[in-house]
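> Let me give you the structure first, and then I'll get to my questions.
Each reported figure results from applying straightforward, stated rules to the coordinates on display, with no laboratory input. Please read these numbers as outputs of a predicted model, since none were measured by experiment. We place every Cβ from the backbone using ideal geometry, glycine too, and count neighbours over all the protein chains shown.
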Amino acid sequence: MGEGQPAQRKSEVAREGARPLLSVRGLGIRFKTTQGIWQATRRIDFDIAPGERVGIVGESGCGKTITGLSILRLLPGNFAGLDGKILFDGVDLASCSPRQMRAIRGKRIAMIFQEPMSALDPVFTVGHQIAETLRVHSNVGEEEARARTLEMLRRVGIASPERRIDDYPHQLSGGMRQRVMIAASLICGPQLLIADEPTTALDVTVQAQILELLRDISETSKTALMLITHDLGVVAETCTRMITMYAGEVIEDATVDEALVRPLHPYTSGLLRSLPHLSPRHGRLPSIPGRVPSIAEMPAGCRFRARCAHATKGCEAEQKLQDAGGGRKVRCWRFAELNLPGALHPPDTSASARVARQ
Amino acid sequence: MTAATAEPRRDAIVSVRDLQVRFQTSDRRATVKAVDGVNFDVRRGETFGIIGESGSGKTTIGRALVFLLNPSAGAVLHDGIDPTALSRRQFQSHRRDYQIIFQDPNAALNPRMTILASVLEPLQLAGVGNSAERERLAREALERVGLPQEFGERYPHQLSGGQKQRVVIARALTLKPKLIVCDEVVAALDMSIRGDVLNLFADLQRDLGLTYVFITHDLAVVSHISERVAVMYLGQFVELGPTEEVAERPLHPYTIALLSAEPRPLPSSMRQESRIVLQGEVPSPIDPPSGCRFRTRCPHAQPLCTERVPEWRELKPDHWVACHFADRPNFSNN
Ligand SMILES: Nc1ncnc2c1ncn2[C@@H]1O[C@H](COP(=O)(O)OP(=O)(O)OP(=O)(O)O)[C@@H](O)[C@H]1O
Ligand SMILES: Nc1ncnc2c1ncn2[C@@H]1O[C@H](COP(=O)(O)OP(=O)(O)O)[C@@H](O)[C@H]1O
Ligand code: SF4
Ligand code: SF4
Ligand SMILES: [Mg+2]
Ligand SMILES: [Mg+2]
């Protein structure tokens, strides 16, 4: 916890108490490509406690979506192998039978995507699609399924649901479709909701509505949320903990407040510093030189090394995701000596206070 | 004097007067009023930001500014003259001074052409100099955007997104434009390289005296880079003023809501707890609401707002707004 921060982040409490709902260990995904086998992600470790809201952040291609999909074993056709364990409430999803997986997918773990149109079937009404999800997983009659669908549509903020329930997806706006997707994903009362960029395609005012809905639902129904996004603002507004990925690995894991105020990994710090929100107007934006290495040219040792201002001898060694104390983890052996700037530091109070006031 | 009849300012590089752009829907049954009566001047050397949600008409304005489409009504003046009154030849050479760059660098670059060939293309089309001269100008442009010379021989797929966007910028620079319309130019770029590209725009402006119209849906980007900013809603400007003013003392309820909705990467102690969450979504531009177009979502709407279109007025020096009640005390703090 940074100085002067209110110590009320709920994830702390959640993490100390119950055993995690989801516990991912050493997860790695390989794909077959024309250039041979690609290791898309590797050595991914993280936990999600019951009811906890965790953001997975990182740049395009770092492995966020693949990680989400692998939890539900929804990997693309050229999938070539998975290493590690995905323990969900005691069951290893990495090795359970397809039948066990079907019983969990959609019922106990649900997922929503960036583009709701592609996830909804254009030939069925939205009511039918939501009710079907329920009927596949539980023994309810048609009438009850419809009643519960109506209730769920109301819950996700669809006005006059009795008029909307028989609409087809194309008759709804983007924001309404995303609400319908959320309704469908929640109808079976899942313990974990994986949301992959659920608001990226939406306007900022509609995004605010959907984020509020997700937060509210997770709080009232104790559904854990794994929110995948490249937007640090979205994570700050929605989640209690933030897991940062880089080039197929988890590089930092901390509460949102800790990560924003005092990041431990040079990449997390660099990302925060490059946000225009945090720089004085019209000033130069700090940026991270170079670019993410492609899978084919992944360096040995620290994968951030070529771009890191703090790289020294020793960084060419493989970096482990190590315990940094207080439940934090970081994949950088120099973390303790670096004292990196975060969103407020060096304290350019004028800029940050201004942002806060608006 | 209303804005629509105002004389262009002396330092105006572009003057837009009562601009309207209408499109037929694909079934030809209805008309979309994509831009519906917009007035502004872009001042030489400034960065003029336009912000708004998708479909509000930002791209359409941008395309009209560089005559990629013709206004349905109203006028776009370049340096006080109407380019459509020029002869065809004069118009072709004139429009080189006004360039536009779009969001997706992949769509702008031919995958089968080398980077150098792509940058050379506009020079060839414009018939500038001889081939040695053109190559020198193209290489100079690549240099300007910070790409090493050997990139000239590469193909687009061998470049990262940020590098490709630099090539597109280089391409626009070869013809030495006075003004560049930048339409969501950093939206497709990764966070860690956005800063680089924004810095590049700032450098080029300083070195070459460029004027930008910077179109984006990203508040943080627009308020970082522009001197003045216009807020667009459903085909119209609802507010226009110095960025500092609009971001910190917004006058229009929509601007206030936009600022409040933006997710901020700040720790919980610094985040505002109460935010204005607007109900519903933007109505269709085919049949916009009567009176004030924002009234269906405005938390302050009154009966008058249904009946009368709010006037576009300069409430504070250089700070324009279209809202009947924007001058009420404490209005913006609600
Ligand atoms: N079917 C596939 N075959 C080969 N490589 C793949 C496949 N799917 C994903 N990858 C690679 O795996 C890596 C991780 O991809 P992933 O989709 O998880 O990224 P992401 O972090 O979700 O990115 P974005 O923010 O762009 O959605 C990338 O390098 C990607 O190119
Ligand atoms: N060529 C076109 N034909 C028909 N409608 C169009 C065309 N271009 C834009 N529109 C419509 O005009 C409105 C404004 O579009 P646009 O300028 O692209 O908005 P923005 O750039 O702010 O997202 C939208 O309703 C859009 O669907
Ligand atoms: S291990 Fe070395 S190169 Fe990698 S992030 Fe840490 S300091 Fe930088
Ligand atoms: S004119 Fe009325 S409806 Fe429009 S913004 Fe002002 S108060 Fe709201
Ligand atoms: Mg993804
Ligand atoms: Mg656009």
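> Assign one of three labels to the stretch A:20-98, namely rounded, prolate or oblate, based on the Cα gyration tensor with a ≥ b ≥ c the square roots of its eigenvalues; rounded applies when a/c is under 1.5, prolate when it is not and a/b is larger than b/c, and oblate otherwise. The partial results should precede the final answer.
Values: a/c = 2.27, a/b = 1.44, b/c = 1.58.
Oblate.
> From largest to smallest, what semi-axes in whole angstrom does chain A give when each is the square root of 5 times an eigenvalue of its alpha carbon gyration tensor? Don't skip to the end; give the middle numbers.
Numbers: eigenvalues 250, 122, 72 Å².
Over the Cα atoms of chain A, the semi-axes work out to 35, 25, 19 Å.
> Separate question: Neighbouring Cβ atoms within 10 Å as the yardstick, rank A:GLU249, A:GLU318, B:GLU184 fewest first. If you can, show how the numbers build up before the last one.
Values: A:GLU249 23, A:GLU318 11, B:GLU184 20.
Lowest to highest Cβ neighbour count: A:GLU318, B:GLU184, A:GLU249.
> Still on this structure, I have one more. Can you give me the long-range amide H partners of B:VAL21? Hydrogens built in the peptide plane at 1.01 Å from N, cutoff under 5 Å, separation of 5 or more residues or another chain.
The answer is B:ALA34, B:VAL35, B:ASP36, B:GLY37, B:SER72.
> List the lysines whose alpha-carbon lies under 17 Å from that of A:LYS329, not counting same-chain residues fewer than 8 positions away?
The reachable lysines, counting only those whose Cα sits under 17 Å from A:LYS329, are A:LYS320.
> With 10 angstrom as the radius, rank A:TYR168, B:TYR254 by how many other C-beta atoms surround their C-beta, starting from the fewest. Can you show the working numbers first?
Working: A:TYR168 15, B:TYR254 25.
Ranking A:TYR168, B:TYR254 by Cβ neighbours within 10 Å, fewest first, gives A:TYR168, B:TYR254.
> Rounded to the nearest 0.05, what FRET efficiency do B:SER160 and A:GLU143 have when you use their Cβ-Cβ distance and R0 = 45 Å?
Details: r = 55 Å, r/R0 = 1.23.
That gives a FRET efficiency of 0.25.
> What list of ³J(HN,Hα) values in whole Hz, one per residue of the stretch B:213-223 in order, does the Karplus curve 6.51 cos²θ - 1.76 cosθ + 1.60 (θ = phi - 60°) give from phi, with Gly and Pro shown as x?
10, 10, 9, 7, 9, 9, 4, 5, 5, 5, 7
> Now for a different question. Sum up the charges of everything whose Cβ sits under 13 Å from the Cβ of B:ARG17, counting Lys and Arg as +1 and Asp and Glu as -1, but leave B:ARG17 out. Please report the intermediate quantities before stating the final value.
Details: positive: B:ARG9; negative: B:GLU7, B:ASP18, B:ASP41, B:ASP82.
Around B:ARG17, the charge tally is -3.
> Summarise the partner chain shielding of B:18-30 as one whole number: the mean count of Cβ atoms from other chains within 10 Å of each residue's Cβ. Mind dumping the intermediate values first?
Details: counts 0, 0, 0, 0, 0, 0, 0, 0, 0, 0, 0, 0, 0.
The mean count of partner-chain Cβ atoms within 10 Å per residue comes to 0.
> Something else now. Round to a whole angstrom and tell me the spacing of the C-alpha centers of the stretch A:105-135 and the stretch A:71-86.
Here the two parts' Cα centres lie 22 Å apart.
> Enter the mean number of other protein chain beta carbons within 10 Å of the beta carbon of each residue in A:271-281, as an integer.
Across A:271-281, the average partner-chain Cβ count within 10 Å equals 6.
> Tabulate in residue order the Karplus-calculated ³J(HN,Hα) for the stretch B:318-323, using 6.51 cos²θ - 1.76 cosθ + 1.60 with θ = phi - 60°, rounded to whole Hz; enter x for Gly and Pro.
So the J values, rounded to whole Hz, are 6, 10, 9, 8, 10, 7.
> Taking only DSSP H segments of four or more residues, each worth -39500 (n - 2.57), what value at 222 nm results for the protein assembly as shown once the sum is divided by all its residues, to the nearest 500 deg cm²/dmol? Before the final figure, lay out the partial values.
Details: 25 runs with 223 residues, N = 692.
The per-residue figure over the protein assembly as shown is -9000 deg cm²/dmol.
> Can you tally the net charge around A:ALA201? Count Lys and Arg as +1, Asp and Glu as -1, for every other residue whose Cβ sits under 11 Å from the Cβ of A:ALA201. List each step's numbers first, then the result.
Numbers: positive: A:ARG177; negative: A:GLU115, A:GLU197, A:ASP203.
Here the charged neighbours net out to -2.
> Kindly state, to the nearest 0.05, the FRET efficiency for B:GLU140 paired with A:ALA311, given R0 = 41 Å and r defined as their beta-carbon distance. Don't skip to the end; give the middle numbers.
On the way: r = 33 Å, r/R0 = 0.82.
Efficiency computed from Cβ-Cβ geometry: 0.75.
> Also: Grab the Cα-Cα distance for A:HIS282 and A:ALA300, subtract it from 0.36 nm times how many residues apart they are, and report the gain in nm with one decimal. Don't skip to the end; give the middle numbers.
Working: separation 18, 0.36 × 18 = 6.48 nm, distance 3.83 nm.
Net length gain for the segment: 2.6 nm.
> Mind checking the angle between helix A:174-186 and chain A's longest principal axis? C-alpha axes, 0 to 90 degrees, to the nearest 10.
So the inclination is approximately 80 degrees.
> Please list, or write none, the aspartates and glutamates whose alpha carbon is within less than 15 Å of the alpha carbon of A:LYS107, excluding same-chain residues fewer than 8 places away.
Excluding near neighbours in sequence, the set is A:ASP89, A:GLU132.
> Using the Cα centre of the stretch B:254-295 as the reference point, and only Cβ charges (+1 on K/R, -1 on D/E), how large is the resulting charge dipole? Debye, rounded to the nearest 20.
On the way: 5 positive and 4 negative charges, 26 e Å.
Roughly 120 debye for the stretch B:254-295.
> List the aspartates and glutamates whose Cα lies under 12 Å from the Cα of B:LYS33, skipping any in the same chain that are fewer than 8 positions away.
Of all the aspartates and glutamates, those that pass the test against B:LYS33 - Cα under 12 Å, at least 8 places apart if same chain - are B:ASP287.
> Arrange A:CYS188, B:CYS298 by Cβ neighbour counts within 10 Å, fewest through most, would you?
On the way: A:CYS188 17, B:CYS298 20.
The order, fewest Cβ neighbours first, is A:CYS188, B:CYS298.
> Give the average, rounded to an integer, of partner chain Cβ atoms located within 10 angstrom of each Cβ in A:55-62.
Numbers: counts 0, 0, 2, 2, 5, 5, 1, 1.
Per residue, the number of nearby Cβ atoms from other chains is 2 on average.
> Binning at 10 angstrom from zero up to the longest distance, how are the C-alpha pair distances of chain B distributed in percent?
5, 24, 32, 24, 12, 3, 0
> Further, regarding this structure: Across all directions of projection, what mean area in square nanometres is found for the Cα convex hull of the protein assembly as shown?
Values: hull surface 130.5 nm².
That works out to 32.6 nm².
> I would also like to ask the following. Within a Cβ distance under 11 Å of A:ILE288, other residues only, what is the Lys/Arg minus Asp/Glu net charge? Intermediate results must be reported in sequence, preceding the final value.
Numbers: positive: A:ARG273, A:ARG291, A:ARG307, B:ARG194; negative: A:GLU59, B:ASP190, B:ASP196.
Local charge sum for A:ILE288: +1.
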